[in-house]
1. Any idea how many residues of segment A:191-244 are closer than 23 Å to A:Asp393 by Cα, in a helix (DSSP H, G or I) and among the hydrophobic types (A, V, I, L, M, F, W, C)?
2. Which residues, counting only those in segment B:233-282, are free of Cβ contacts under 8 Å to residues at least 60 places away in the same chain, more than 10 Å from chain A (Cβ to nearest Cβ) and of a type outside the set (Val, Ile, Thr)?
3. Check every one of the helices (runs of 4 or more DSSP H) wholly within segment B:25-123 and list those with 1 or more residues that are within 22 Å of the chain's Cα centre (by Cα) and within 30 Å of A:Trp437 (Cβ to Cβ).
4. State which residue is nearest to A:Thr425 (Cα to Cα) when the search covers only segment A:202-220 and only residues that are away from chain B (no Cβ under 14 Å) and crowded, with 19+ Cβ neighbours inside 10 Å.
5. Could you tell me which residue of segment A:238-268 is farthest from A:Met192 (Cα to Cα), considering only residues that are at pLDDT 95 or above and small (Gly, Ala, Ser)?
6. If I ask for residues that are part of a helix (DSSP H, G or I), closer than 23 Å to A:Pro45 by Cα, aliphatic (A, V, I, L, M) and in contact (Cβ under 8 Å) with a residue 40 or more places away in the chain, which ones from segment A:343-396 would you list?
7. Among B:Trp174, B:Trp168, B:Trp144, B:Trp156, which is exposed (fewer than 14 other Cβ atoms within 10 Å of the Cβ), aromatic (Phe, Trp, Tyr) and within 14 Å of chain A (Cβ to nearest Cβ)?
8. What are the residues in segment A:273-297 that are more than 14 Å from chain B (Cβ to nearest Cβ) and either out of contact with any Asp or Glu (no Cβ under 6 Å at 6 or more places or on another chain) or in a helix (DSSP H, G or I) (or both), if any?
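The values are calculated or read from the model by the stated rules, or taken from the named source; none is laboratory data. What you see is a predicted model, and the numbers here were worked out from it, not measured in a lab. Don't worry about glycine lacking a Cβ; one is built from the backbone with ideal geometry, like all the others, and counts go over all protein chains shown.
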Amino acid sequence: MEQTGRRQFLKTTAAGAAAAGVVGFPRVSRGAGKLALGLWDHWVPGANAVLKGIIEDWGKANKVEVTIDFITSIGNKLQLTGAAESRAGAGHDILAFSTWDGTFYKDKLEPMNDVADAVIKKYGPYNENAMYLNRQGGKWVTLPSPIGSHTYPLETRMDLWKKHAGIDVQAIFPADAKKRDKKKVDAWDWKMFLEGAKKVHAAGFPVGASIAENTDSNDWLGPLFATYGSFPMDEKGNITIASDATLAAIDYLKQLVQYMPKDIYGWDDASNNRWLISGKGSAVFNPPSAWTVAKRDRIEVAAQVWHHDAPRGVKGRFRGSLPFTWGVWGFGKNKAAAKDLLLHLSQKEQQWKTITASQGYDVPQTVAFSSHPVWTEIEPPKGGQYNSPVRGDERLIVAGWPAKQEIAAQIYSKWLLPIMVGKITSGGTAPKEAVKWAAGELEGYKRG
Amino acid sequence: MSPDTAAVHAASPARVAPARARLLVHLRSRSAVGVVMTLPLILLIVGLVAYPFVYAIYLSLLNKRETAFVGLDNFRFLLTRDTFWLVVQTSFLFTSLAVVWKAILGLVLALVIHTLPPRGQRVWRGLSLIPWVMPLALSSLGWWWIYEPTHSALNWVLVLLGFSPKSWLADPFWARFSVILVNIWYGTPFFMITYLAGLKSIPQELYESSAIDGANAAQRLRHITLPMLKNIIAITLLFSTIVTLATFDIVRVLTRGGPRQWTHLFGTYAFELGIASGDVPLGAAVSLFMFPILAVSAFFILRGIRRSTS
């Protein structure tokens, strides 16, 4: 791997960076001030230590006194920290934001155009989803962060699906994108998934996916609706949920939930994991955390889990995601140093280390970094996580897209889709009534 | 001149300036000492209750981005939302059922423990207080394991006994039942211990006289115990209504307001809007809806107490 210093890096990207104003920060012999970071407390053992080491090394090299707080997202503590700091106008210089928090506080954040432009110039584009979440109103309000960012592939028990449904997901999505058979991949659609779900259910190993007030629900339902061409609101602010596409997706879901556990309406974000690890579940939509816990607790289950693409619908193939972002508060006293550090963390060398430390849970937002070998090497089964980053024709989205970010944030955080679906499939509400309810909610989201 | 002030005047050296002497007199008066002694508490209340309350009112009058004053628009907006009315309904149901059952069970427990010999009382009193002294977030997690949708311990027992399992957290009816049950479990000891203290203050002579008159247990409860506990019952109902309406932990841990928002209370819904959805003014408006409800409850309960004592 090429070892490029930050100064060297900035020189090589001089045109773009200078135009954008990335010129480093003043350092003097007595030091370059202090920098406080509030970062997401990673659940993978050892991941925090690696990130801390990288940042502390940077601090020593640049004579910056760095303090790091790893803040858990459990109990919304990271969100609460963001809310409190934005209101107090004091706190960390750099704060990790969960998916929508950068949108909430964008007026109080330092634009990151210079850093983002420099990264893009060197490594190529961020993925479409990262662009949507971080670049708002013509400026980068936050910077895409790989730490904690994850996607929602299907995690399938390949043994159960092969035996009971006659579908070999490993053969459809091998651990090498070049070996994919287009015919097989194209055939992997929601119809095929439903037929498979019916068979594994009959065999006593149902598919499990939450339809409740949690992120997991959004992250498989949003993409499913998208594959039918159903979106709650378009980018111009038109409410588009009342459509034939929505009704078609609902009709599909009504069939699918018959083959799922009845308690999915009470599931939380960890229920997927428990379902898979219990040995009863044959597939879940989840980041590799379910596999990781299975590897720890039931290796025989983990050894049969294959991560792969979502089924295709009439309007293509979509995958859910839940990325993190980094923000620099406008009230920060050492913004230049903060940007310099984030630029450093965005380098391939650093991202390589953090991806390795996260055992592949962190999915980079820079497309080129998906070439990291961890997803090919990690096992069991070998190659089982190769498809954790998008490898094929899936579009990575976050539920709420393509609505304006302020609206999409509410579609997501007020659980519009899971509640609408739950009303129909569990509450007995007629589809058109539930869609009408959703349209009413969306009207309310427009409130300024 | 009060004896206190006279004493101060007598003790004051002649060289003390008149203004300083007046200050000393003032400080040594009972009311001044009272103010000084309560000042830390007053500061705490101002800092942690009054200021946040006024700030919440201020926030609730702003637009979503907190850039413009919108008057009562947030409140008007909430009144047009179905979800908000569901929250109001759930909050009333949750509070009324939980408070009434806590009061009934607390009274029953207190009466039972009161009849035990002193040594037995201590043990049972201590055991009964366990739910109340445990951190609620922690005990709610315990309850979550009991209700957990896929591997519910309660369902395991039900199936063992030949009953069908229930979707404790996935079905709106059972989810509401579950969160109310946990609140009752948690709050009953507060009523029990308060009623027990009240029972101990009732003169035994009253019961002895009624026994001589041939009153049975039910008559003693109706004509002696309940009237003597009336004010305590009213105060506990008021306190419990305030605390129960503001419940957060139980719902947040067990259901997060689901399924389909059927278990959201004012507190949890305010959190969802204000923090999770980034709309702090609307969240503040939701939480402020609790204030008039509690103010009316407090007015009637306290008026009842005043009337009965006068």
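1. 9
2. Within segment B:233-282, B:Phe239, B:Ala246, B:Phe248, B:Gly267, B:Ala270 meet the criteria.
3. Working: elements: B:30-45, B:51-60, B:73-79, B:82-115.
Passing ranges, in order: B:51-60, B:82-115.
4. In the first step, residues of segment A:202-220 are kept if they are away from chain B (no Cβ under 14 Å); the result is A:202-204, A:219-220.
Going one step further and asking which of them are crowded, with 19+ Cβ neighbours inside 10 Å, we end up with A:219-220.
Numbers: A:Asp219: 18, A:Trp220: 16 Å.
The extreme case among them is A:Trp220.
5. That would be A:Ala242.
6. Across segment A:343-396, the qualifying residues are A:Leu345, A:Ile355, A:Ala357.
7. Values: B:Trp174 fails: exposed (fewer than 14 other Cβ atoms within 10 Å of the Cβ); B:Trp168 fails: exposed (fewer than 14 other Cβ atoms within 10 Å of the Cβ); B:Trp144 fails: exposed (fewer than 14 other Cβ atoms within 10 Å of the Cβ).
So the residue among B:Trp174, B:Trp168, B:Trp144, B:Trp156 that is exposed (fewer than 14 other Cβ atoms within 10 Å of the Cβ), aromatic (Phe, Trp, Tyr) and within 14 Å of chain A (Cβ to nearest Cβ) is B:Trp156.
8. Going through segment A:273-297, the residues more than 14 Å from chain B (Cβ to nearest Cβ) turn out to be A:282-283, A:285-289, A:291-296.
Passing the criteria: A:Ser282, A:Ala283, A:Phe285, A:Pro287, A:Pro288, A:Ser289, A:Trp291, A:Thr292, A:Val293, A:Ala294, A:Lys295, A:Arg296.
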